[in-house]
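The values are calculated or read from the model by the stated rules, or taken from the named source; none is laboratory data. No experiment lies behind these values; they were computed from the predicted model shown. Every residue, glycine among them, receives a Cβ derived from its backbone with ideal geometry; neighbour counts consider all protein chains shown.
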Amino acid sequence: MAQQCDIGLIGLAVMGQNLVLNMADHGFAVAAYNRTTSRVDDFIIGPAKGKTVLGCRRLEDLVQTLKKPRIAMLMVKAGDPVKQTVEQLAPLLEPGDIIIDGGNSHFLDTEEQIRKLQDLGILYLGAGISGGEEGARYGPSIMPGGTEEAWPLVRPIFQAIAAKVGPNNDIPCCEWVGPGGAGHYVKIVHNGIEYGDMQLICEAYSLLKDGLGLNNDTLYDVFAEWNRGELDSYLIEITRDIFSVKDEKTGNALVDMILDRAGQKGTGKWTSQHALDLGVPTTLITEAVFARSLSALKKKRVRASRMLSGPQGTIAEFRLTANKDEFIEQVRKALFASKICSYAQGFFQLQAAAAEYGWGLDYGEIAMLWRGGCIIRATFLEDIKAAYDRNSELENLLLDKYFKEAVTANQSAWRRVICTATEIGIPIPAMGAALNYYDSYRSERLPHNLLQAQRDYFGSHRYERVDEEGNFHTDWVGKRRKPG
Ligand code: 6PG
């Protein structure tokens, strides 16, 4: 059995198992290990039966079955489990062997692992993988980064198992992203964008359900229609499907029986945290993270709902618009314009991080990595690719001709929807953040001259002038009009 497997996979939770099966289906021999060994046994006599998968009950066994240079891939929980597994695995390997972390790890952890393993000559890749269980089984989007030397050895496996797009369905959604933690960083931003997309869809849902009073059958039709146009995407498609599923217990629509309290594992939060570190305005994604946090305050919200006043009721009750179809179309346009701002912010953050860490990212290529397999896959990503093909140095997606025109075309509907939501009291934090970002970004002058004056007044922080280079301080107290 020695040295016969192409790759070893450590961690047989659903994602790990499905990746093993996907690799085996593509002709690779895979060694599979899990810390709880009963899971290895169950896997081998269950889903992996008859496939080119070898179950290993010890890490040492897994290492011995691998062809050299060995490729060992971790699909274990991010954080300490990854660190501990690497600590156990590294002494069993030789210089030139490769460890891949395929989990949702923080990019700084990946950078640290690369540094640590460098002295041992072990090559380390941090590969973001998106697409959930189904993607892992039949074609995920893979975002590999790290020690570039390892890439030619890993590429044949990853590109074979990745989702494919393009007219001939032969372009893999997997390409080299960059050095260090670049792969995991791109996955973090992917997840931030995922948070933004999901929040925007929820806001559109709320406007249509609570604002317009649409039922689930009509919502199904609306999302089905949206999925045939500019918004065509996996998340719109699954949202459509969700409206059609009944609860077995009550017979009601299942979505209506689900508690409005969102969970989060942290990758969206990492996008926002790092946006703050970089000083880039990733406002929509951050609102989406906070919207989940606010939703989680369910009991407090229930109490507050009985104590705090504000408008409440449908659009018809407020007599704001007479035409239902017109409003649905306005919401679609508001969603699309907001989505453009969200991606503009996400790519802007990627650009800032690439500059900070010297990654040299290819943004058009990243858009194509997300074109298939992953959670945010959407037709719209081709327009992003086209924008970066037109100008690889594009400062902000909003400045590209296509997106500039798209926002212009949807802008009045977008503003109308936000006014309506505000008037009838429907929270739309992400759509609002998007429009405020747009209006701020297109402002030649913002009110921060006043803010600079305030900072200088109370803290002598100095300010710049509009008519002269340099830093200035004023004795504001001495010069002010005396009160009274
Ligand atoms: C993906 C998903 C996947 C997962 C995240 C998000 O790309 O396949 O992003 O990584 O759904 O864990 O989970 P939370 O919503 O819990 O943060």
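The single residue among Arg261, Arg303, Arg292 that is within 25 Å of Gly213 (Cα to Cα), within 16 Å of the ligand (Cβ to nearest atom) and either part of a helix (DSSP H, G or I) or touching a strand residue (DSSP E or B) at 6+ places or on another chain (Cβ under 8 Å) (or both) turns out to be Arg292.
Within the range 374-394, the presence of at least one residue that is out of contact with any helix residue (DSSP H, G or I) (no Cβ under 9 Å at 6 or more places or on another chain) and in contact (Cβ under 8 Å) with a residue 60 or more places away in the chain is confirmed.
Screening Trp176 with (1) in a helix (DSSP H, G or I); (2) more than 16 Å from the ligand (Cβ to nearest atom) gives one miss only, at (1). Summed over the range 408-428, residues that are part of a helix (DSSP H, G or I) and out of contact with any Phe, Trp or Tyr (no Cβ under 7 Å at 6 or more places or on another chain) total 14. Only one of the numbered conditions (1) among the aliphatic types (A, V, I, L, M); (2) over 16 Å from the mean Cα position of the chain (by Cα); (3) not in a loop (DSSP other than H, G, I, E, B) is not met by Ala316, and that is (3).
Taking the numbered list (1) buried (at least 24 other Cβ atoms within 10 Å of the Cβ); (2) away from the ligand (no atom under 14 Å from the Cβ) in turn, Gly128 passes all entries but (2). Can you tell me which residue is nearest to the ligand (Cβ to nearest atom) among those in the range 78-108 that are closer than 20 Å to Cys374 by Cβ and not aliphatic (A, V, I, L, M)? My answer is Asn104.
Each residue in the range 182-223 was checked for being within 16 Å of the ligand (Cβ to nearest atom) and of a type outside the set (Val, Ile, Thr), and 15 pass.
Pull out all pairs, ordered by first then second residue, where Cβ-Cβ is under 7 Å, the residues are six or more apart or on different chains, the first lies in the range 135-161 and is farther than 22 Å from Ile122 by Cα and among the aromatic types (Phe, Trp, Tyr), and the second is within 16 Å of the ligand (Cβ to nearest atom) and at pLDDT 95 or above. Taking only residues 6 or more apart or on different chains, the pairs are Tyr138/Asn22.
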